[in-house]
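Here the structure comes first, spelled out in structure tokens, and everything after it is commentary.
The values are calculated or read from the model by the stated rules, or taken from the named source; none is laboratory data. Note that the coordinates shown come from a computational prediction; the quantities given were computed from them, not determined experimentally. Every residue, glycine as well, gets a Cβ built from its backbone with ideal geometry; the counts of neighbours run over all protein chains shown. Just the protein is used for accessible areas: all its heavy atoms, side chains included, with ligands, DNA and RNA removed. Shrake-Rupley method; radii C 1.70, N 1.55, O 1.52, S 1.80 Å.
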Amino acid sequence: MRATDPFLVMAKPVGPVCNLDCGYCYYLGKKELFPADEPYRMRPETLEALVRAVFAASPGPLVHFVWHGGEPTLAGVGFYRRAVELEERFAPEGWTCLNSLQTNGTLLDDAWGSFLAGNGFRVGLSIDGPAPLHDAGRPDRRGRATHARALRGLQVLRDNGIEPDVLCALHAGNVAHPVETYRHFLELGVSWLQFLPVVRQLASGGVDPWSVGPLEMGEFLCTVFDEWVRHDVARIGVQNFLEPFLVASGRRANLCVMAETCGTALAIEHDGSVYSCDHFVRPSHRIGSVVVDDLGELVESPAQRAFGAAKRDLPAACSECPVLAFCNGGCPKDRVAAPGGEPGLSYLCPGYLRFYGHVRPQLERMAVLARTGRPVAGIMEELERAEVDERRRWRSAPRNGACPCGSGLKFKHCCLALRRD
């Protein structure tokens with residue numbers, strides 16, 4: 001059975017196994033789903049069943065595989081050579097197959113670089129900022145620093161003509177350093193960047209210490225946006241800004257976290273088990289197996305449809321929120337109300353409100369530029385002119401005239417002492 005709408009699969013060739021021991025990882029704990037002696041390696045017959053199933057279920061003509069983990073490079077280059085062979089065998093004529101690999105980069109070498117480049121893989125590379133911030137949260141299994149190894153992986157990719165997308169987890173360990181973190185990526189010459197907020201719910205309620213504070217997240221993103229929109233719009237793409245730009249332009253965001261519904265990005269574990277979402281790999285959300293079930297029927301199943309539609313179930317407060325069109329309640333996994341928050345609200349709600357409210361005017365102006373055929377990077381020049389005009393207005397304000405701040409007081413009795421120039 002073919003699914004009605006396009007979907008993607010996040011395949012886990014080695015399950016939750018990883019060579020790093022990131023303090024905030026949401027996936028390492030998935031080992032509890034498997035026996036103690038589990039080998040954590042996708043069998044050849046399971047890989048073939050996976051590839052067959054995805055092509056049979058996809059409406060086409062584009063099919064997207066995301067190879068994820070754990071650390072997917074632990075499966076070895078040979079595994080992906082076989083995957084590409086199977087894709088070429090089972091792809092219908094005229095269809096295109098897109099492969100993406102999300103990696104920590106520490107195991108990449110020239111053999112990897114040559115293979116990935118030669119087969120058109122897109123690569124996402126995880127880096128959490130400059131070495132002190134990255135290494136505090138992303139040690140290897142022996143507690144050793146990994147930042148230098150991640151940068152070697154970045155160089156391997158570039159040496160083979162691959163410019164990766166960089167994913168920076170935003171957590172309690174780096175959220176207080178927005179400028180330092182952002183400028184590190186500029187120094188590295190990164191062309192595409194995503195900040196991913198960490199929220200880990202505790203079984204006892206609340207969130208663990210690695211989770212980012214909602215308002216701290218909002219301030220981090222606002223600070224980085226202010227740098228980006230004034231200096232770097234043409235230099236680096238930041239997903240956290242460009243996705244809401246789509247919304248400000250009257251279009252739909254690509255990210256499921258910002259969409260009204262979800263359920264089109266399924267996780268497939270190394271044993272072939274299919275789960276509703278990468279963040280809901282748990283027994284209650286196991287919907288079947290690519291080894292024994294029809295993947296199209298699983299994608300279209302009442303359980304999966306209900307899972308995706310449940311994202312719309314929002315508390316009453318959301319209906320009056322001025323930024324609902326941007327967040328749509330956020331990811332259901334984060335609906336762990338912050339202290340004092342209404343049940344059903346995202347834990348990140350105060351941060352979303354702060355961030356989207358702050359960036360909306362500039363994004364809407366960028367949307368106007370785009371609609372009138374001008375480059376959106378023109379926002380940088382517009383903001384520069386506005387700031388020059390603002391400084392000029394303050395410099396020319398008479399002592400006995402109205403204060404430029406709009407207080408209604410005379411300048412000499414209000415802001416003159418601040419010497420704003």
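Tabulated data
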item	result
Index of the failed condition, Gly329 passing every other in (1) crowded, with 17+ Cβ neighbours inside 10 Å; (2) in a helix (DSSP H, G or I); (3) not hydrophobic (A, V, I, L, M, F, W, C)	(2)
Meets criteria (over 30 Å from Thr146 (Cα atoms) and not hydrophobic (A, V, I, L, M, F, W, C)) for Glu38	no
Val291 under 30 Å from Ala234 (Cβ atoms) and either in contact with a helix residue (DSSP H, G or I) (Cβ under 6 Å, 6 or more places away or on another chain) or β-branched (Val, Ile, Thr) (or both)	no
Residue in segment 257-264 that is free of Cβ contacts under 8 Å to residues at least 24 places away in the same chain and crowded, with 18+ Cβ neighbours inside 10 Å present	no
Count of residues meeting criterion [under 14 Å from Gln102 (Cβ atoms) and open to solvent by less than 30 Å² (accessible area, probe 1.4 Å)] in segment 2-17	6
Extreme residue, least open to solvent (accessible area, probe 1.4 Å), among residues of segment 171-196 that are charged (D, E, K, R) and closer than 30 Å to Asp110 by Cα	Arg183
Filtered residues of segment 112-141 (kept if touching a helix residue (DSSP H, G or I) at 6+ places or on another chain (Cβ under 6 Å) and among the small types (Gly, Ala, Ser))	Gly113, Gly129, Ala131
Extreme residue, most open to solvent (accessible area, probe 1.4 Å), among residues of segment 315-325 that are modelled with pLDDT of 95 or more and in a helix (DSSP H, G or I)	Ala325
Of all residues in segment 60-73 being closer than 18 Å to Val299 by Cα and at pLDDT 95 or above, the one that is most open to solvent (accessible area, probe 1.4 Å)	Leu62
Test: Val54 is touching a residue at least 24 places away in the same chain (Cβ under 8 Å) and either open to solvent by 50 Å² or more (accessible area, probe 1.4 Å) or not in a helix (DSSP H, G or I) (or both)	no
Segment 281-292, subset in contact (Cβ under 8 Å) with a residue 40 or more places away in the chain and farther than 15 Å from Phe7 by Cβ, residue least open to solvent (accessible area, probe 1.4 Å)	Val281
Residues satisfying the stated conditions in segment 286-327, i.e. touching a Cys at 6+ places or on another chain (Cβ under 7 Å) and either of a type in the set (Val, Ile, Thr) or over 22 Å from Gly351 (Cα atoms) (or both)	Gly308
Count of segment 350-367 residues which are open to solvent by 10 Å² or more (accessible area, probe 1.4 Å) and more than 19 Å from His231 (Cα to Cα)	6
Residue tally, condition among the hydroxyl-bearing types (Ser, Thr, Tyr), within 25 Å of the chain's Cα centre (by Cα) and part of a loop (DSSP other than H, G, I, E, B), over segment 261-314	3
Val199 being open to solvent by less than 40 Å² (accessible area, probe 1.4 Å), of a type in the set (Val, Ile, Thr), closer than 26 Å to Cys331 by Cα and in contact with a Lys or Arg (Cβ under 9 Å, 6 or more places away or on another chain)	yes
Filter pass, Arg81 being in contact (Cβ under 8 Å) with a residue 40 or more places away in the chain and either in contact with a Lys or Arg (Cβ under 9 Å, 6 or more places away or on another chain) or farther than 15 Å from Ala267 by Cα (or both)	no
Residue match in segment 375-397 (condition: under 37 Å from the mean Cα position of the chain (by Cα), at positive phi and not in a helix (DSSP H, G or I))	no
Qualifying residue in segment 338-347 (condition: open to solvent by less than 50 Å² (accessible area, probe 1.4 Å), at pLDDT below 95 and among the hydrophobic types (A, V, I, L, M, F, W, C))	yes
